[in-house]
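What follows is calculated from the coordinates using simple rules that are stated; it is not laboratory data. What you see is a predicted model; the values in this text were computed from it and never measured. We place every Cβ from the backbone using ideal geometry, glycine too, and count neighbours over all the protein chains shown.
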Amino acid sequence: DGGITQSPKYLFRKEGQNVTLSCEQNLNHDAMYWYRQDPGQGLRLIYYSQIVNDFQKGDIAEGYSVSREKKESFPLTVTSAQKNPTAFYLCASKDKTSTDTQYFGPGTRLTVL
Amino acid sequence: GESVGLHLPTLSVQEGDNSIINCAYSNSASDYFIWYKQESGKGPQFIIDIRSNMDKRQGQRVTVLLNKTVKHLSLQIAATQPGDSAVYFCAEKAAGNKLTFGGGTRVLVKP
């Protein structure tokens, strides 16, 4: 069963705590992306990675960090420096060489209490 | 479900009618465009895409039209069904491997 998985589906954290969101894909895709979605807005790019051990900041990287130690995994850490972290977080992946189409995971809803 | 699209423009359509969803894009250098469907609480699902060397592309019950002169993209859904109720996003790609997304349109299908 191939695809992109994100866990957990719902996540709660207290203010001042860091939290890590998981994204895994078994599609053998080279590129992976993290987006944030807020009500009434489109998706905004946080970070992306086109190859293992390399990643670039997107449009709203402040307060977030990522790692890409394995091709299939691209975890996102929401740090305490992110002032408004409550949002729906979406991970996507893409076959770097053959297509421009990004495929999305089911998302993680993060709520700061 | 997710509170996605509380302030989104909404298109109400009668079941069985055709739907047209419009999108204005910003970058004349964009060479790839894509439409996604997002149901409440779920990730976006790929519908159809088109490259800038085309002006029309058809899929199953969907058609995407591209007008580069006015930087306009549209998605047409034929014989709209209740399962088509969702938020629809367009996205464009210019240089690099990044997509820029529009704000989305909510489609409500009335029985």
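Couple of notes before you dig in:
- Sequence-separation-based contact order of the stretch B:1-95, relative, with Cα cut under 8 Å and 6+ spacing, percent: 38 percent
- For B:41-47, mean number of other protein chain Cβ atoms within 10 Å: 6
- Between the stretch B:48-111 and the stretch A:85-100, the Cα center-to-center distance that results, in Å: 18 Å
- Residue-averaged beta-carbon neighbours from other chains (10 angstrom radius) around A:100-109: 6
- Per-peptide packing, taken as the mean over residues of other Cβ atoms within 10 Å, places B:19-26, B:48-55 in the sequence B:19-26, B:48-55 from highest down.
- Under a model in which nothing but the beta-carbon of Lys, Arg (+1) and Asp, Glu (-1) is charged, chain B shows a dipole of about 240 debye around its Cα centre.
- For the residues of B:95-105, the average number of beta carbons from a partner chain within 10 Å of their own beta carbon is 5.
- Highest-first arrangement of A:85-95, A:4-14, where packing means the average Cβ count within 10 Å: A:85-95, A:4-14
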